[in-house]
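Novice: There's a structure below that I have some questions on.
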Amino acid sequence: MTFCRITGTGGYLPGAPVSNHDLVARGIDTSDEWVAERTGIRFRHFAADAEHSSDLALHASQKALEAAGRSAADVDLIIVATSTPDQVFPSTACMLQHKLGNRAATAFDVQAVCSGFVYALTVAEKFIRSGSHKCALVVGAEVFSRILDWNDRGTCVLFGDGAGAVVLEASDEPGILASALHADGHYHDILSVPGQVCNGAISGKPLLQMDGQAVFKFAVRVLGDTAVELMQAAGLPLDSLNWLVPHQANIRILQSTAKRLNLSMEHVVTTVAEHGNTSAASVPLALDVAVRDGRIKRGDHVMLEGVGGGFTWGGVLLRY
Ligand code: ACO
């Protein structure tokens, strides 16, 4: 049986950090106190106009490949999770493949909003375990600043741009121990960008809209439930989890989830203060931070969890 494990991680945040004070200076009717108290967010990064998701993905991928000791030519599968693709088509994965100089890999995008990375990682795992592919580049990359309504102070202060990547390879030892992906389209309208390209024009609102309180309750419930589901699937007690790396939407969602799981916040990786919510990029960015600063070590039990529009949610439990 082929297993698979993460052999390298990388992350990239464009430009200089933009503080809550900077947003006020740019004319947003908010305050550092409001944003920091309600969300834990203090900074986020925004891509330059000429930078696309594939550009951010390229930087993160190069770092992940370097950490794994691999070159772009070794990669036979590229999956990019994004809700802010470079263009309608081709996929951002194909644009990334071109920028990497790889001409042989299977390449496609996955769209599950803030759950996108755990969806993409789970899909990649299934390709590798089937034996059809050996070395996958799995990326979450977003330029959410492009789809924010700057007149809606309840949402525009929450998000940032960035990319995170991992190299996932076939291995004799696990690796990924369990994964779970869920969706319930009944909740499609509590977080959405309803616009579409139609007959050469944009039809409907092409900017993000959200029912914040509904999202909050939903996220806490499913992040807790998925963590329990994954530990049970792997036959492990909850207290054997070394690190929870959840989607970084809001510090209060993370604290409530940890409380539900009876898990100390010392075991929860949080980057929301410095990155804001980077949607599909948030989990691999947070993973990369904790790997590079030495908190996550080989052999640790690590749970990655995502939740986002759709609604979609899920997780991946791994022995790092
Ligand atoms: N600055 C100052 N005041 C603000 C701001 C702001 N940026 N935004 C809203 N307000 C005001 C509102 O106008 C309102 O004022 P009023 O009472 O005079 O009418 C007041 O603050 C309360 O507004 P609410 O929207 O009710 O605020 P709430 O307490 O629900 O907090 C928040 C909003 C932070 C978005 C919260 O609902 C939340 O954390 N939700 C989770 C959603 C989330 O994190 N989504 C991320 C994307 S989803 C995902 O990634 C899974």
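The values are calculated or read from the model by the stated rules, or taken from the named source; none is laboratory data. The structure presented is a predicted model; accordingly, all values stated were derived computationally and were not measured. Neighbour counts are summed over all protein chains in view; Cβ atoms, including those assigned to glycine, are modelled from backbone coordinates with ideal geometry.
Novice: Which one of ARG260, ARG252, ARG221 is of a type in the set (D, E, K, R) and in contact with a helix residue (DSSP H, G or I) (Cβ under 6 Å, 6 or more places away or on another chain)? Break it down stepwise before answering.
Specialist: On the way: ARG252 fails: in contact with a helix residue (DSSP H, G or I) (Cβ under 6 Å, 6 or more places away or on another chain); ARG221 fails: in contact with a helix residue (DSSP H, G or I) (Cβ under 6 Å, 6 or more places away or on another chain).
Checking each option against the conditions leaves just ARG260.
Novice: Within region 75-85, identify whether any single residue is without any contact (Cβ under 8 Å) to a residue 24 or more places away in the chain and either surrounded by fewer than 21 Cβ atoms within 10 Å (Cβ to Cβ) or among the hydrophobic types (A, V, I, L, M, F, W, C) (or both), and answer yes or no.
Specialist: Narrowing region 75-85 to residues without any contact (Cβ under 8 Å) to a residue 24 or more places away in the chain: none.
Scanning region 75-85, I find no residue that is without any contact (Cβ under 8 Å) to a residue 24 or more places away in the chain and either surrounded by fewer than 21 Cβ atoms within 10 Å (Cβ to Cβ) or among the hydrophobic types (A, V, I, L, M, F, W, C) (or both), so the answer is no.
Novice: Quick one: is ALA67 over 21 Å from VAL291 (Cβ atoms) and among the small types (Gly, Ala, Ser)?
Specialist: Against the criterion (over 21 Å from VAL291 (Cβ atoms) and among the small types (Gly, Ala, Ser)), ALA67 does not qualify.
Novice: Among GLU266, GLU229, which is without any contact (Cβ under 8 Å) to a residue 40 or more places away in the chain and part of a helix (DSSP H, G or I)? Outline the logic, then answer.
Specialist: Details: GLU229 fails: without any contact (Cβ under 8 Å) to a residue 40 or more places away in the chain.
The unique qualifying residue is GLU266.
Novice: Just give me the residues in region 97-129 being part of a loop (DSSP other than H, G, I, E, B) and away from the ligand (no atom under 16 Å from the Cβ), in sequence order.
Specialist: GLY101, ASN102, ARG103, ALA104, ALA105
Novice: Between a first residue in region 142-165 that is under 21 Å from ALA60 (Cβ atoms) and assigned to a helix (DSSP H, G or I) and a second residue that is among the hydroxyl-bearing types (Ser, Thr, Tyr) and more than 12 Å from the ligand (Cβ to nearest atom), which pairs have beta carbons less than 8 Å apart while being 6 or more apart in sequence or on different chains?
Specialist: If the second residue must be among the hydroxyl-bearing types (Ser, Thr, Tyr) and more than 12 Å from the ligand (Cβ to nearest atom), the pairs left are PHE144/THR84; ARG146/THR84; ILE147/THR84.
Novice: Checking GLU169 against (1) assigned to a helix (DSSP H, G or I); (2) modelled with pLDDT of 95 or more: exactly one of these is not met. Which one?
Specialist: (1) is the only condition that GLU169 fails.
Novice: Going by what's in this entry, would SER132 be described as in a loop (DSSP other than H, G, I, E, B) and either touching a Phe, Trp or Tyr at 6+ places or on another chain (Cβ under 7 Å) or of a type in the set (Ser, Thr, Tyr) (or both)?
Specialist: Yes; evaluated as a whole, the condition is true for this residue.
Novice: Those residues that are over 16 Å from ASP152 (Cα atoms), within 13 Å of the ligand (Cβ to nearest atom) and of a type in the set (A, V, I, L, M), I need them from region 25-49; list them, please.
Specialist: ALA36, ILE41
Novice: Counting just the residues of region 168-191 that are over 25 Å from HIS133 (Cα atoms) and surrounded by 18 or more Cβ atoms within 10 Å (Cβ to Cβ), which one comes out nearest to the ligand (Cβ to nearest atom)?
Specialist: Quick first cut of region 168-191, residues over 25 Å from HIS133 (Cα atoms) only: 183-191.
Adding the requirement that they be surrounded by 18 or more Cβ atoms within 10 Å (Cβ to Cβ) leaves 190-191.
Values: ILE190: 9, LEU191: 5 Å.
Among residues in region 168-191 that are over 25 Å from HIS133 (Cα atoms) and surrounded by 18 or more Cβ atoms within 10 Å (Cβ to Cβ), the one nearest to the ligand (Cβ to nearest atom) is LEU191.
Novice: What pairs come out if I take residues in region 175-192 that are touching a residue at least 60 places away in the same chain (Cβ under 8 Å) and pair them with residues that are aromatic (Phe, Trp, Tyr) and part of a strand (DSSP E or B) whose C-beta lies under 6 Å away, six or more apart or interchain?
Specialist: GLY175/PHE3; HIS182/TRP313
Novice: Of the residues CYS135, CYS198, which single one is more than 15 Å from the ligand (Cβ to nearest atom) and either assigned by TED's automatic domain parsing to the domain that holds VAL283 or touching a Gly at 6+ places or on another chain (Cβ under 6 Å) (or both)? Explain how you work it out, then say what you get.
Specialist: On the way: CYS135 fails: either assigned by TED's automatic domain parsing to the domain that holds VAL283 or touching a Gly at 6+ places or on another chain (Cβ under 6 Å) (or both).
Going through CYS135, CYS198 in turn, the sole match is CYS198.
Novice: Among what's in region 276-318 and is within 12 Å of the ligand (Cβ to nearest atom) and assigned to a helix (DSSP H, G or I), pick the residue that is farthest from THR9 (Cα to Cα).
Specialist: Within region 276-318, the subset within 12 Å of the ligand (Cβ to nearest atom) is 276-283, 305-313.
This time we only want the ones that are assigned to a helix (DSSP H, G or I), so: 279-283.
Working: SER279: 17, ALA280: 15, ALA281: 12, SER282: 13, VAL283: 11 Å.
This residue is SER279.
Novice: With respect to LEU254, determine if the residue is within 15 Å of VAL307 (Cβ to Cβ), touching a Ser or Thr at 6+ places or on another chain (Cβ under 7 Å) and buried (at least 20 other Cβ atoms within 10 Å of the Cβ). Let's see the steps before the verdict.
Specialist: Values: within 15 Å of VAL307 (Cβ to Cβ): yes; touching a Ser or Thr at 6+ places or on another chain (Cβ under 7 Å): yes; buried (at least 20 other Cβ atoms within 10 Å of the Cβ): yes.
Yes.
Novice: State which residue is farthest from the chain's Cα centre (by Cα) when the search covers only region 23-47 and only residues that are within 15 Å of ARG252 (Cα to Cα), in a helix (DSSP H, G or I) and not charged (D, E, K, R).
Specialist: Taking the candidates together, the pick is TRP34.
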